[in-house]
Each structure stands twice: as C-alpha cells, then as structure tokens.
1. Pairs only if they're at least six apart or on different chains, beta carbon under 7 angstrom, first in the stretch 11-30 and without any contact (Cβ under 8 Å) to a residue 24 or more places away in the chain, second assigned to a loop (DSSP other than H, G, I, E, B) and surrounded by 11 or more Cβ atoms within 10 Å (Cβ to Cβ); list them, first residue then second.
2. Among helices (runs of 4 or more DSSP H) lying entirely in the stretch 1-94, which contain 1 or more residues that are at pLDDT 95 or above and loosely packed, with under 10 Cβ neighbours inside 10 Å?
C-alpha cells in the first residue's frame, strides 16, 4: 500500500472517530488532543520495545508491538493532514538532507 493510500485509510477512520466523539462528547477532538493521544501511544510503544529486548514483561509483545506501531502511524498521518503537511514530500526532503549530512560526516 502506498503512503497516500495509508493516509486515506487513516482519514476514513478519523472521520468515524469524529462521529463517535460528537456522539460521546458533543465535539471532535482538537489537534492538541490528538497529539496528546499520540504521546500516550508513544509511551506504550516504548514499553513494548523494552519488552521486546527483555527488560520488561508484556504478554503477546510482538502482536501488541505491531498494533502500537500502527496506532502511532495513524496518529502521524492524521496529524500531518490536520496541520496541512505533505508528509510524503517532507519525508523525501528530510531523508535526502539527512543522507547528505551523514554521508558528509562519514567522509570527514
């Protein structure tokens, strides 16, 4: 699946979440609230990585790790969209710059 297809899938799910948020809370989550949810997911991801390398015990770590990585990717895709960021273009530009920088460091 291409990044644009992943983004569209994430946005379809976000639209459903927004309907549920309106039903439950009378409003949709703000971008700040989405970012806080992402921070929580990153914390969960960190614990699962610890379990993966053996410094924490979490049952069914591999399956949960895949799920949490997917949650984090969903958050990134939705946040980028809500902030008007072309994530694909930014990723290409940023990695190109980093490759140039690291390659330069290695040549020194």
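1. 18/28; 21/28; 21/29; 22/28
2. Numbers: elements: 3-25, 31-52, 61-82.
Filter on the stretch 1-94 gives 3-25, 31-52.
Results for (1) in contact (Cβ under 8 Å) with a residue 40 or more places away in the chain; (2) farther than 30 Å from residue 50 by Cβ, shown as yes or no for each residue.
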site: 71; (1), (2): no, no
site: 75; (1), (2): yes, no
site: 79; (1), (2): yes, no
site: 82; (1), (2): yes, yes
site: 89; (1), (2): no, yes
site: 95; (1), (2): no, no
site: 98; (1), (2): no, no
site: 104; (1), (2): no, yes
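The values are calculated or read from the model by the stated rules, or taken from the named source; none is laboratory data. Worth saying up front: this structure is predicted, and the values here are computed from it rather than measured. Here the Cβ is made from the backbone with ideal geometry for all residues, glycine too, and neighbour counts use every protein chain on show.
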